[in-house]
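The next block holds one structure in the form of C-alpha cells; read it before the comments.
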Amino acid sequence: KTLPYFCRGEVVRGFGRGSKELGIRTANFSEGVVDSFPSDISTGIYYGWACVGSGDVHKMVLSIGWNPYYKNVKKSVETHIIHTFKEDFYGEILSIIIVGYIRPEQNFDSLDALIAAIQHDIEEAKNLLDLPEHQKFKDDNFFHTVN
Ligand code: ADP
Ligand code: MG
C-alpha cells in the first residue's frame with residue numbers, strides 16, 4: 001500500500017502549461033523528487049495536505065501525469081494548494097502528504113470542461129479531507145520536522 005505517501009522537495013519552475021490561463025496554479029517538484037516516487041503510484045488526481053517551508057498546513061489536490069516536455073517518458077508531479085498565497089514560492093521546500101486518490105487522468109473536449117473538472121476535484125478534496133481519518137495527517141510531525 002503506497003498511500004499515505006510522504007514527500008518533500010524544492011519547488012521548481014514548470015512550463016506554465018495552462019495553469020495561468022486556468023487560474024489554477026500548480027507547484028512543480030524537481031525531476032529528482034519525481035524520480036523517487038514509487039513506480040506503482042499511478043497517474044491521476046490525488047488529494048492531501050501541503051506545507052511550504054515552515055508555514056501552515058493546507059489542503060491540496062495533486063496531479064501525477066506524463067510530462068510532454070520529456071516526450072511523456074517522465075512523470076510530472078504538480079500540487080495545487082487550496083490557499084491564497086501573497087507571493088510565489090519557487091525555490092522553497094514543499095512538504096506534502098498524499099492521502100487519497102480522486103480519479104484517473106482524463107482528456108477534455110474544452111477548457112471549460114477541464115476547469116469544471118478541476119473545480120470539482122477541489123471540492124471533493126476539501127470534503128474528503130474533513131474526514132477524521134484524513135484530518136489526523138494535518139497534524140503529522142512530518143510537517144514540523146526540519147531537514
Ligand atoms: P509553473 O509552470 O512554473 O509551475 P504555475 O502557473 O503552475 O507555473 O504556477 C506555479 C507557482 O505558483 C508555484 O510554483 C508557486 O510558486 C506559485 N503559487 C502561488 N499560489 C499557489 C497555490 N495556491 N498552489 C500552488 N502554487 C502556487
Ligand atoms: Mg505548475
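Rule-based calculations on the coordinates, nothing more; no lab input. What you are looking at is a predicted structure, and each value in this text was computed from that prediction instead of being measured. Every residue, glycine as well, gets a Cβ built from its backbone with ideal geometry; the counts of neighbours run over all protein chains shown.
Pairs with C-alpha atoms separated by more than 28 Å, drawn from the list K1/K74; K74/K136; K1/K59, are K74/K136. The aspartates and glutamates whose alpha-carbon is closer than 19 Å to the alpha-carbon of K75, local same-chain residues fewer than 8 away aside, are E10, E31, D35, D40, E105.
Compared with the direct C-alpha span, the chain from W66 to A117 gains 16.5 nm at full extension, assuming 0.36 nm per residue.
In summary, the convex hull built on the alpha carbon positions of the chain has an orientation-averaged projected area of 8.7 nm². Counting 0.36 nm for each residue step from E124 to D139 and taking away their Cα separation leaves a gain of 3.3 nm. Of the peptides 122-134, 48-60, 99-111, the order by per-residue mean of other Cβ atoms within 10 Å, starting with the highest, comes out as 48-60, 122-134, 99-111. Roughly how many whole Å is it from the C-alpha centroid of segment 92-116 to that of segment 1-57? If you average the Cα positions of each part, the centres end up 10 Å apart. Pairs of Cα atoms nearer than 8 Å and 6+ residues apart set the relative contact order; for the chain it is 30 percent.
Projecting label points 7 angstrom from Cα along Cα→Cβ for D109 and D88 puts them 3.6 nm apart.
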